[in-house]
Every structure is written in C-alpha cells, then in structure tokens.
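Structure first, commentary second.
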Amino acid sequence: MIEVKNVYKSFGKELVLTDISVAFDQGKTNLIIGRSGSGKTVLLKAIVGLHGIDTGAIYFDGRDFIKMTEIQKQDLRKEMGMLFQGSALFDSLTVQENIIFPLEMYTNMSYEEKLERVNSCLKMVELEKVNHLYPAELSGGMKKRVGIARAIVQFPQYLFCDEPNSGLDPMTALVIDNLISKITHDMNITTIINTHDMNSVMEIGEKVVFIHEGFKCWEGTRNGVLSSDDKHLNDFVFASNLAKKIKNLK
Ligand SMILES: Nc1ncnc2c1ncn2[C@@H]1O[C@H](COP(=O)(O)OP(=O)(O)OP(=O)(O)O)[C@@H](O)[C@H]1O
Ligand SMILES: [Mg+2]
C-alpha cells in the first residue's frame, strides 16, 4: 500500500497539488483521473521521488519515503517499475536489450538468469520471438508491451503507469489495460495508473481517485463514478456528447 498524506507541491508561486491525501491499495489497479493539467503526472512523479514536495508525507508500506536518505530511496526505487508517457524505449537497443537494461543496472544476476527473466516477462505481456527486433520495427501496442515488460522485469512491488494507452486505438488500449490489470493481480503489485480515458476507468478502475485543479475531489470505485454527485467529476465523466446522450437515455 502507498499512502500519500497532506501533500502540497508548487512550482514557483503556482500551487499544483493542494493537500492531497489518499491511499493506493496493494494488488489493485488504482487509477488517478482528471482533466489535462489537473496534476496527475506531478502527483505520480512526486510519489516516485522525481519531484520533491513542499510538505506532506509518502509511505511505501509504512516506510517514510520523504525522510529517507538518497541511498535508501535508491534501494526503494528497485522495488518500483515505471511506464511513463510514451514508452521511452531506447531506439538503438533491441527489445531484449531494452528489457534487460534495469537488470544490468541494478542486479548482479548471471546472463542466463537475466535472459530467462526477460523471456518470462515477454511471455507475461504476450509477446514472443521479438527479442532481436528494434523499437522502430514494432507497432504502438507492441512498444507499450515491451515498456510494460521492462517495468516489471525486476518483479516490482509498485508499478506506476502514466497514460499507458495514449495513442492507441480503443481495442488495443483495452488489451493493454487488461494486461496491466492481470499483472497487478498475478504479482500482487500496488499499481497506480494515470489516465483520462473513461474506457479504462470502467474496465479496470478498482480504485479511482479524481483530481481537479490540484485538489482531490472524489475517490471511489468505477461503479461510483457514474452515480457521483461531485459536479467536477460529472463534468469530466460526461464531457462527451455521446456520454451525455447515453446518460439521458437511462
Ligand atoms: N516542471 C514543471 N514546472 C512548472 N510547472 C509544471 C511542471 N510540471 C507540471 N507543471 C504544471 O503543473 C500542472 C499539472 O501538470 P500535470 O502534468 O501534472 O498535468 P496532468 O494532469 O498530468 O495533465 P495531462 O493529462 O495533460 O498529462 C500544470 O499546470 C503544469 O503546467
Ligand atoms: Mg500527465
């Protein structure tokens, strides 16, 4: 479980996160939703330590991240897998070299062990026989899968995905969502996903946290999203004319 307590974050005079408190559950897909610019990426980066925070606390299974030394933080980062906006694969490395990269950086596993791990992760994301292809030779959906394989190659306790299905068609987006959800359950990971895709919310939103202009306005499950009284959440959910029409038909 990851707990965020009374977190404030500003850039210069601009307050971007205001008093955010929320717990993200282990073994669940926790979704952070909100409009563009609401603060989702800043919150995710604050949780993994890529942004410092002004005040507040962040606990990883009770471990106080903010109070840790740099070395302790680096150790904890080995328990984190990250898939950030775009897949951020290294274009000059093959699929296998991309996925093996964190193992070479952070472990002293033997080459055989590393290769075995790479192949088992490729299997988990349902990709095989692509080890020696370069990112340019893959489709967008395949690149996301490789990004996921790299994010889980160290068998993380915590998985962070920022807009994992951006740029994908709705069907492929659904496949990627379900893949992340399956891995989360199979490996009992605390997973946090940023999205503004309502399809993702309804498909895998076991816990949903709605951020509006840097404030946490609402949290609940995917079922609660549609029946909430929160005005900002309603505006977000029913932003499209199609969604409004469906709501009016009910
Ligand atoms: N490094 C930075 N320096 C200054 N301001 C920043 C920085 N990063 C983000 N911001 C500001 O913080 C606010 C929240 O941005 P953030 O990227 O978290 O939005 P988001 O919810 O992830 O949006 P999107 O859905 O478009 O990805 C925005 O007003 C943005 O301009
Ligand atoms: Mg973002």
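A few remarks follow.
- Candidates ALA173, ALA136: the one that is closer than 16 Å to GLU97 by Cβ and out of contact with any His (no Cβ under 9 Å at 6 or more places or on another chain) is ALA136.
- Once segment 133-163 is narrowed to residues that are among the hydrophobic types (A, V, I, L, M, F, W, C) and within 16 Å of ligand 1 (Cβ to nearest atom), the residue that is surrounded by the most Cβ atoms within 10 Å (Cβ to Cβ) is CYS161.
- Candidate set from segment 21-43 (those that are touching a strand residue (DSSP E or B) at 6+ places or on another chain (Cβ under 7 Å) and either free of Cβ contacts under 8 Å to residues at least 60 places away in the same chain or more than 20 Å from ARG222 (Cα to Cα) (or both)); member that is surrounded by the fewest Cβ atoms within 10 Å (Cβ to Cβ): ALA23
- The criterion of at least 3 residues that are of a type in the set (A, V, I, L, M, F, W, C) and in contact with a Lys or Arg (Cβ under 7 Å, 6 or more places away or on another chain) is met by the following helices (runs of 4 or more DSSP H) wholly inside segment 1-108: 95-106.
Residue by residue, here is whether (1) more than 14 Å from the chain's Cα centre (by Cα); (2) closer than 26 Å to LEU17 by Cα; (3) of a type outside the set (Gly, Ala, Ser); (4) within 12 Å of ligand 1 (Cβ to nearest atom) holds:
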position	(1), (2), (3), (4)
ASN165	no, yes, yes, no
ASP169	yes, no, yes, no
ASN178	no, no, yes, no
THR184	no, no, yes, no
MET202	yes, yes, yes, no
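- Residue satisfying condition, being under 19 Å from the mean Cα position of the chain (by Cα), at pLDDT 95 or above and among the acidic types (Asp, Glu), within set ASP54, ASP61: ASP61
The values are calculated or read from the model by the stated rules, or taken from the named source; none is laboratory data. What you see is a predicted model; the values in this text were computed from it and never measured. Reconstructed Cβ throughout: ideal geometry from the backbone, glycine too, with neighbour counts over all protein chains shown.
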